[in-house]
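Working notes, beginning with the structure itself.
The values are calculated or read from the model by the stated rules, or taken from the named source; none is laboratory data. Since the structure is predicted, the reported quantities are computational estimates derived from the model, not experimental observations. When we count neighbours, we look across all protein chains shown, and the Cβ atoms used for this are built from the backbone with ideal geometry, even at glycine. When the accessible area is computed, the model is the full protein with side chains, heavy atoms only, and any ligands, DNA or RNA have been set aside. Shrake-Rupley method; radii C 1.70, N 1.55, O 1.52, S 1.80 Å.
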Amino acid sequence: MTAATANLQQAPATTASADAQPAPVPLRDPQTGEPLRNADGEQMMGIPAPQPAQMLDPETGEPLLDPETGEPLSAIADVAAPPEPEATEAIGAAEDIKVTVNEKSETLGSMVDTLDAMAVSVGNMRISLWDGLIVVGVIFLVIALAWGATRVSGSLLRRLTKLDNTQRLLAEKLTTIAIWGAAFFLGIDLLGIDLTALAVFSGAFGLAIGFGLQKTFGNLIAGIILLMDKSIKPGDVIAVADQAGATTFGQIRKIGIRAVSITTRDHKEYLIPNENLMINQVENWSYSSKRVRMQIPVGVSYSCDIKLAESLMLEAAKNCKRVLKSPPPTCWLDEYGDSSVNFIIHCWITDPEGGIGNIKSEVLKTLWDLFQDNKIEIPFPQRDINVRGNQQIDQLIAAVSQRVSQKDAG
């Protein structure tokens with residue numbers, strides 16, 4: 001016991017920090033080489049002495065003497081430096097494939113060894129050209145599998161007749177998210193990537209999602225919510241505003257991950273973020289019913305028979321094929337205008353995606369023929385101009401009269 005404590009100091013009950021002293025090492029009996037244990041049978045630990053200590057002979061227990069001076073020999077324990085950590089492979093699958101290729105073919109194995117020799121070390125992680133090729137191959141494989149699984153799942157969901165269009169689209173989106181999420185973790189597993197080595201990268205990636213991709217994930221969740229409550233669904237006709245602020249209507253063609261695709265009658269396609277449709281007011285013409293009432297203003301002369309004009313307006317609306325018979329068209333007298341008596345024709349349709357401008361045009365063209373046949377006048381604006389007399393105007397009138405007289409005399 002004495003010899004052991006001469007070489008190493010036993011670790012105290014409360015040790016200092018790692019920066020203040022070396023790490024403890026097991027104590028051994030210098031005579032027998034057996035581990036030193038305390039009364040409870042536990043391994044005794046010690047740290048290298050900070051100052052040189054007297055060294056004893058392991059056999060006799062007597063102090064060792066310097067052969068030149070004859071003085072007692074003192075030294076510190078020679079503690080071997082810890083080995084430097086070896087670089088670990090970043091892609092575990094690459095090493096397994098390399099071993100398999102070497103067992104199958106020496107030629108291919110030598111090529112793989114050459115590619116694997118072209119490597120760089122980043123910290124404790126070793127990345128080679130062979131690792132890069134394996135990563136690219138696995139990524140292409142996983143993407144192909146995910147794409148194929150998405151197509152198959154979409155085909156299966158379309159065959160389920162119990163789901164309507166909205167439910168099927170929602171199921172397709174949720175299935176797609178699940179498939180691609182599973183594909184990501186499958187790729188990690190196939191590559192054998194140590195996720196602890198990606199701790200810094202995953203933290204940076206999470207920060208990027210929190211800031212850079214915040215709107216993208218917000219639009220994704222908004223699209224799922226819109227499909228769940230069925231407030232917006234493919235095929236609906238909603239009112240939208242263009243860049244100039246003019247409001248028009250369009251039909252929803254697709255609800256994507258980021259935006260809703262809306263096509264107007266002039267084939268302009270608007271891509272509206274999902275969040276905008278969820279938090280802003282939306283005029284949906286086919287939310288609970290596709291029945292829409294449209295209004296067509298018409299003006300007639302004050303001198304005509306307004307009862308006959310009203311019956312002709314109703315007849316023109318009823319002759320339009322897309323106008324519903326029930327409820328029937330109605331005609332209201334709206335106001336007495338400056339130049340005409342103004343009416344509004346109300347009629348109902350159930351296919352707003354087919355447009356409303358063409359219906360208005362058809363009704364007005366039919367009404368024009370009916371008005372011509374029944375001598376109903378469509379007036380144009382009329383204005384009365386009162387001119388006050390003055391010297392200049394009197395001279396102008398006299399000059400014009402004189403010229404007219406000369407022309408008649410000639």
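For this structure, a couple of remarks:
- Lysines with Cα under 24 Å of Lys375, excluding same-chain neighbours fewer than 8 positions away: Lys307, Lys318, Lys360, Lys365
- Charge context of Trp332, other residues only, Cβ under 13 angstrom, K/R +1, D/E -1: -2
- Whichever lysines have a C-alpha closer than 28 Å to that of Lys215, once near sequence neighbours (fewer than 8 apart) are set aside: Lys173, Lys230, Lys233, Lys254, Lys268
- Once the Cβ-Cβ distance of Tyr336 and Ala244 is raised to the sixth power relative to R0 = 35 Å, the FRET efficiency obtained is 0.55.
- In this simple spin-label approximation, Ser105 and Asn276 carry label points 7 Å from Cα along the Cα→Cβ vector, and these lie 5.6 nm apart.
- The stretch 306-374, accessible area per residue, ligands and nucleic acids excluded (1.4 Å, Å²): 54 Å²
- Modelled FRET efficiency - R0 60 Å, Glu62 with Met118, Cβ distances, 0.05 increments: 0.50
- FRET E, pair Phe185, Arg322, Förster distance 41 Å, beta-carbon r, rounded to 0.05: 0.15
- Solvent-accessible surface of the stretch 247-286, taken per residue with a 1.4 Å probe and all protein chains present: 62 Å².
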